[in-house]
Amino acid sequence: MNETTVFQNDLINATAGTPNIAKKGSLLLRLIRAAQPITRTEIAHRLDIDKSTVTENVKPLISAGILREETLEVSGQGRKPRVLSFVDDRDYFIGVNLGVRTSQVGMTTLKGEISDEDDFTTPPKAEDALKMARERIDDLIEANPDKICRVIGVSIPGLADAERRKLVYAPNLDWRDIDLTAALQPNENVKVVVENDATAAAMYEARLKIRETPNGLLTNFVLVRSGTGIGVGLVIGSEVYRGSGLGRGVAGEFGHMTIVAGGRQCVCGNRGCWEKYASAASAASLYTGDRPLRPNESLPRFVEIVSKAENGEIRAQRTLEKIGDYLGIGIANVIMGVGIPRVIISGRLVYGWKFIEKPLREAIERSIIGKTEGWSIEAGEPQGAAIGGALEVAVEEYLSHGLSF
Ligand SMILES: [Zn+2]
């Protein structure tokens, strides 16, 4: 079964029995956004629906000025295709990525370009960080008086609550129970949606993959975001999975699964968590061998270790190989748990991919997953999507409500 077939089945499953027009509509909007400019024929083909259904769905959006259809100028003879794309002159979205070290605020439109990105060092106190983010939000809104800000997406290095309004716990920042919506909402017409950063990065990668896969949609993958910590985003049937019931928002917290019994102390209170051995940040202590630092000595940054490895330093190379090994051990566990064999690695760790990939694959090959066929590992965005992920959260929220709130 190829990916197109998988997607088609997902669409059929999603719409079987009681036809869920909103669901189908949001897939159509998502496909147009990811693959624009795109013809009606291609949309029909990729969603496995009639061209007349596509026309029915896009017509009101063209009349409302949300979509535009124009003739694509191509060289050569024959009929010139008519293509659909979003008009980007009315609605916009703001993204806030609250990172452990740096944070970003930026904006985008349905066209997809990111603009006005501004970075700041994340202050240790949540209220200071939120004040800085809020100032930038207010500046963006003031600078765009003729446009409508629809949604603010906030990505956080930790757990969001089930309603996606609050930060429940961000271990590497030591922030707990913060109502981000109350702190960041500029007015009641703008919705604020809070999301775990790995889940946000998974949404971002999903859109890139839709664009890169001309004959189908990527539907199922695991995204492992390795930077200061490790976060895992799960995409199942083209949708991110957040958990269910009381566990909603908790799915993907694999960074804190125990990988070494009685191992290193983690900020979460446990010992031997995966992120203490396979995050980009863990490279520093693996490199120094956990010895105490000399006066005026600071821990090497991940990119410094990568550059030493590239210059042939054996200790740096071994450090990255060790991380690859631990990463592979954890990934094999994740694949066994969720049954999704396609894995995308994102975040700072990707800078060291050249040294990490081989031991990572070997660790998976040693596990029971290695005895099966069809698993795959690939490197994604080294920036871990960051602001792109936060913006994706905002736009997805709008699309999933069929552009109507
Ligand atoms: Zn932990």
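Residues checked against (1) of a type outside the set (A, V, I, L, M, F, W, C); (2) at pLDDT 85 or above:
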| position | (1), (2) |
| --- | --- |
| Phe7 | no, no |
| Thr18 | yes, no |
| Leu98 | no, yes |
| Arg101 | yes, yes |
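Can you find a residue in the range 49-57 that is small (Gly, Ala, Ser), modelled with pLDDT of 90 or more and buried (at least 16 other Cβ atoms within 10 Å of the Cβ)? Before you say what the answer is, go through the steps one by one.
To start, the set of residues in the range 49-57 that are small (Gly, Ala, Ser) comprises 52.
Filter once more, so that each one left must be modelled with pLDDT of 90 or more: 52.
If we keep only those that are buried (at least 16 other Cβ atoms within 10 Å of the Cβ) too, we end up with none.
No, the range 49-57 contains no residue that is small (Gly, Ala, Ser), modelled with pLDDT of 90 or more and buried (at least 16 other Cβ atoms within 10 Å of the Cβ).
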Pair list, Cβ < 9 Å and 6+ apart or interchain, from the range 47-69 residues that are in a strand (DSSP E or B) to residues that are surrounded by fewer than 14 Cβ atoms within 10 Å (Cβ to Cβ) and among the basic types (Lys, Arg): Glu69/Arg82
Residue match in the range 291-307 (condition: away from the ligand (no atom under 16 Å from the Cβ), open to solvent by less than 10 Å² (accessible area, probe 1.4 Å), without any contact (Cβ under 8 Å) to a residue 40 or more places away in the chain and of a type outside the set (Val, Ile, Thr)): no
The range 271-290, residues that are away from the ligand (no atom under 16 Å from the Cβ) and in a helix (DSSP H, G or I): Ala283, Ala284, Leu286, Tyr287, Thr288
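Please count how many residues of the range 134-179 are assigned to a loop (DSSP other than H, G, I, E, B) and in contact (Cβ under 8 Å) with a residue 24 or more places away in the chain. Even if it seems obvious, please write down each step before you answer.
The first filter runs over the range 134-179 and keeps only residues assigned to a loop (DSSP other than H, G, I, E, B), leaving 144-147, 157-158, 161-166, 171-174, 179.
Restricting the remaining residues to those that are in contact (Cβ under 8 Å) with a residue 24 or more places away in the chain gives 144, 147, 157-158, 161-162, 164-166, 171-174.
Residues that pass the stated criteria total 13.
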Pairs with Cβ under 6 Å, 6+ apart, first in the range 370-382 and over 16 Å from Asn333 (Cα atoms), second open to solvent by less than 40 Å² (accessible area, probe 1.4 Å) and of a type in the set (D, E, K, R): Gly380/Glu205
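Scan the range 252-270 residue by residue and report those that are over 27 Å from the mean Cα position of the chain (by Cα), open to solvent by 60 Å² or more (accessible area, probe 1.4 Å) and near the ligand (Cβ under 10 Å from one of its atoms). Write out each step before concluding.
The first filter runs over the range 252-270 and keeps only residues over 27 Å from the mean Cα position of the chain (by Cα), leaving 260-265.
Keeping just the survivors that are open to solvent by 60 Å² or more (accessible area, probe 1.4 Å) gives 261-262, 265.
If the condition is that a residue be over 27 Å from the mean Cα position of the chain (by Cα), open to solvent by 60 Å² or more (accessible area, probe 1.4 Å) and near the ligand (Cβ under 10 Å from one of its atoms), then Gln265 is the only one that fits.
Please work out if Pro341 is open to solvent by 40 Å² or more (accessible area, probe 1.4 Å) and over 30 Å from Val190 (Cβ atoms).
On the way: open to solvent by 40 Å² or more (accessible area, probe 1.4 Å): yes; over 30 Å from Val190 (Cβ atoms): yes.
So Pro341 passes the test.
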All positions within the range 100-118 that are of a type outside the set (Ser, Thr, Tyr) and either more than 20 Å from Ala198 (Cβ to Cβ) or buried (at least 23 other Cβ atoms within 10 Å of the Cβ) (or both): Gln104, Val105, Met107, Leu110, Lys111, Gly112, Glu113, Asp116, Glu117, Asp118
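The values are calculated or read from the model by the stated rules, or taken from the named source; none is laboratory data. Everything quoted here is computed from the prediction, not taken from an experiment. Cβ coordinates were reconstructed from backbone atoms using ideal geometry, including for glycine residues, and neighbour counts include every protein chain displayed. Note: areas computed on protein heavy atoms with side chains; ligands, DNA, RNA excluded. Shrake-Rupley method; radii C 1.70, N 1.55, O 1.52, S 1.80 Å.
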